[in-house]
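Read the structure below first, then the notes.
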Amino acid sequence: MTTRVNSGEAGDVLRGFEPAPQDLVLSLLGAHLVPRDRGEVWSGGLVRLLGEFGFSAGAARVALNRLVGRELLSRSKDGRHVHYALTPRTVAVLAEGDRRIFTLGSSPRHEATWTVLWHSIPEDRRLARTRLVRRLRFLGFGSVQDGTWLAPRDRESEVAKLLDELDVAAHAGVLLGRPATAVDFGTFVARVWDLAELAERYRAFVEHFRGQRAGGTLGDREALLLRTRLVHTFREFPFHDPELPEDLVPAPAHRAEAVRLFHDLYPALGPAAQRYFDEVTVP
């Protein structure tokens, strides 16, 4: 069983704090291992941290083994202690994610160039197709129809790297262009992205985290738990918010407040959360 954020209506919209254990491991390491440039982390500490979020030791160890199998973590042994490290591929993916998360909503956009991607990936490459779709959503793409995706900016370089990484470039095409002035493009994109749900997600985020504070009586453990919930919830926004040009569609209500809240609270919780991470993950 996992820890659930219970805050009434806001919790319902945010669907609670229920990350998969593999996602939680990567969130914890990305937030507390990468900034310190620590090479490895003790497995027992990671198991304990996942236990803080309701995962059993068995579930935690299965998650770690699966991350090794996916080549997202590497494993080494020092005597009786097992340690894990992020692979270069994972560091690159986390860096890409940070760029998207920490620049979200940073400035009004009036983008003329759009990216269209279409693909026809064979059924025997289903895993690559699934990974492609998830990464496209994180880059701000929306599904126009099966196999056709649209993003409101020039994503040529990111898409080229992604197609090469997944080895599916032979099954995809990319086109850059701009909307025709005779077309009501604002109405069209409202069918590609659920803008009403997006606005409600931002409202719920603000409602849930607005009253949280980094100082006062908040201990190191509580800081890590809150910071992890905060970043896990906020990192879902890039999957839903394409950051549409504001001269085409108004910015979502509460987005600016949600972005300010995240950028205020996340660094403020950092020192205390890092202390607890270091305390738990050093054998």
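Can you pull out the trypsin sites (Lys or Arg not before Pro) in the range 220-283 that DSSP calls coil and that have at most 14 other Cβ atoms within 10 Å?
none
Between ASP124 and LYS161, the simple spin-label model (points 7 angstrom out along Cα→Cβ) gives 3.1 nm.
To the nearest 20 Debye, how big is the dipole of the range 113-177 about its Cα centre, given +1 on the beta carbon of each Lys and Arg and -1 on that of each Asp and Glu?
Using only the charged Cβ atoms, the result is roughly 260 debye.
Normalise the Cα radius of gyration of the range 138-278 by 2.2 N^0.38 Å (N = residues in it) and let me know the number.
1.31
Using C-alpha pairs below 8 Å separated by at least 6 residues, the relative contact order for the chain is 24 percent.
Think of the chain as a dipole: +1 on every Lys or Arg Cβ, -1 on every Asp or Glu Cβ, centred on the Cα centre; then among GLY51, SER106, HIS81, HIS81 lies furthest on the positive end.
Distance from the Cα centroid of the range 63-81 to that of the range 206-283 is 28 Å (rounded to whole angstrom). Each pair of Cα atoms in the range 113-177 enters the Kirkwood radius, and Stokes-Einstein at 37 °C and 0.692 mPa s then converts it into a translational diffusion coefficient of 284 µm²/s.
Could you compute the net charge surrounding SER120? Neighbours are other residues with a C-beta less than 11 Å from the C-beta of SER120; K and R count +1, D and E count -1.
That works out to 0.
A simple rule links phi to the HN-Hα coupling: the Karplus curve 6.51 cos²θ - 1.76 cosθ + 1.60 with θ = phi - 60°, which for the range 259-271 gives 5, 4, 4, 5, 6, 7, 7, 4, x, 5, 7, x, x Hz, with x for Gly and Pro. Between helix 43-52 and the chain there is an angle of about 70 degrees, using the helix long axis and the longest principal axis of the Cα atoms.
Across every direction, the projection of the convex hull enclosing the Cα atoms of the chain has a mean area of 16.0 nm².
Taking all Cα pairs closer than 8 Å and separated by 6 or more residues, the relative contact order of the range 113-177 comes to 55 percent. The charge dipole of the chain, taken about its Cα centre with unit charges on the Cβ atoms of Lys, Arg (+1), Asp and Glu (-1) only, comes to about 760 debye. Taking a ≥ b ≥ c as the square roots of the eigenvalues of the alpha carbon gyration tensor, the range 55-183 is prolate, as a/c is not under 1.5 and a/b beats b/c.
We did not get these values from a lab; they are worked out from the coordinates using the rules stated. In this text the structure is predicted, and so the values were computed from the model without any measurement. A quick note on method: Cβ atoms are made from the backbone with ideal geometry, for glycine too, and the neighbour counts reach across all protein chains shown.
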